[in-house]
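What follows is a set of notes on a single structure, which appears directly below.
The values are calculated or read from the model by the stated rules, or taken from the named source; none is laboratory data. Keep in mind the model is a prediction, meaning the values are calculated, not measured. Note that each Cβ is placed from the backbone with ideal geometry, even for glycine, and that neighbours are counted across all protein chains shown.
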Amino acid sequence: MYMIGENNRRTNWDWRPEIHDSDGLAMLTGQGEWIWRPIANPQQLRFNAYADTNPKGFGLLQRDRNFDHYQDDGAFYDKRPSLWVELTNNWGDGSVHLVEIPTQDETFDNIVAFWNPAHPIEAGQELLYSYTLYWSSKPPVSLELAHVTDTFTGLGGIVGQKRKYYSRRFVVDFKGGKLPMLGESIKVKPVIKASAGRIEITSARPQHHIGGYRAMFDVVPPGESEIPINLRLYLESDGQPLTETWMYQWTPPPAGQRELSGCP
């Protein structure tokens, strides 16, 4: 279940800051790439498929374990277990599917993740899938790269300057891996891709209080389009990745709802 979180506050009438059983879909691909896809409570039904061949594992995780972020002494969402699917044989070609269903209440489980084979299943066909399910606070596999700890979104633009057009700000914090050991002379670069629109005001700077880095950028949607925009981000140095890959899907609001609030 995902109702309210740091990156999605559509149902913002509850007094608690965050309400969710999981805050993201993690995937370890067959090529060894770690992917983190924050989940959300969308305005409309949202369905995504991530193609892969012989993935090593995937699962819905609850990474945020800070009680202060939930303030819930009844449901204790900070203690909800993650579920990791470890593949123990080759599953072939297919895709991890993520379904995000709009919900108005925390009592409805609205997030689904599952594997779908690439080839249609025929009557009488035998399929052998071997796997182990792990219910725990952390997956049983270690991540050598830095991982995403927080995802924030808000109005884009430069504070103190009048906004002449609409943009959305994305802020992603990474922690761990080699980030705490980087010297001041090391140049860290955010690698950002968007399926549509324009990327601007990019940066990556140290966040010493978490022993990591913060990446920040704005997305300007193309015209008045409301087509979802897929985003990818990771940090690198000298062409080598320092972090897992952050993936996100953002749907621009209708043109009439693109308020430029906060203008001087």
Across the range 166-192, which residue is nearest to Gln257 (Cα to Cα) among those that are charged (D, E, K, R) and in contact (Cβ under 8 Å) with a residue 40 or more places away in the chain? Arg168
Just to verify a result, which residue in the range 207-229, among those that are part of a strand (DSSP E or B) and touching a residue at least 60 places away in the same chain (Cβ under 8 Å), is farthest from the chain's Cα centre (by Cα)? Val220
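Looking at the structure I just gave you, is Asn54 modelled with pLDDT of 95 or more and either aromatic (Phe, Trp, Tyr) or surrounded by fewer than 17 Cβ atoms within 10 Å (Cβ to Cβ) (or both)? Show your work before the answer.
On the way: modelled with pLDDT of 95 or more: yes; either aromatic (Phe, Trp, Tyr) or surrounded by fewer than 17 Cβ atoms within 10 Å (Cβ to Cβ) (or both): yes.
Taking the combined requirement at face value, the residue satisfies it.
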Within the range 230-248, does at least one residue satisfy the condition of being closer than 18 Å to Leu155 by Cβ, touching a Leu at 6+ places or on another chain (Cβ under 9 Å), surrounded by 19 or more Cβ atoms within 10 Å (Cβ to Cβ) and not aliphatic (A, V, I, L, M)? yes
Collect the residues in the range 133-155 that are loosely packed, with under 15 Cβ neighbours inside 10 Å and touching a strand residue (DSSP E or B) at 6+ places or on another chain (Cβ under 8 Å), keeping them in residue-number order. Leu133, Trp135, Ser136, Ser137, Pro140, Val141, Phe152, Gly154
Out of everything in the range 207-226 that is at pLDDT below 95, under 23 Å from Lys164 (Cα atoms) and not charged (D, E, K, R), what residue ends up being surrounded by the most Cβ atoms within 10 Å (Cβ to Cβ)? Ser225
Looking at the range 156-206 only, could you name the residues that are surrounded by 14 or more Cβ atoms within 10 Å (Cβ to Cβ), small (Gly, Ala, Ser) and assigned to a strand (DSSP E or B)? Ala194, Ala204
Quick check, is Phe47 over 25 Å from Ile210 (Cβ atoms), surrounded by 19 or more Cβ atoms within 10 Å (Cβ to Cβ) and among the hydrophobic types (A, V, I, L, M, F, W, C)? no
What's the total number of residues in the range 20-44 that are within 14 Å of Gln62 (Cα to Cα) and either of a type outside the set (Val, Ile, Thr) or surrounded by fewer than 17 Cβ atoms within 10 Å (Cβ to Cβ) (or both)? 12
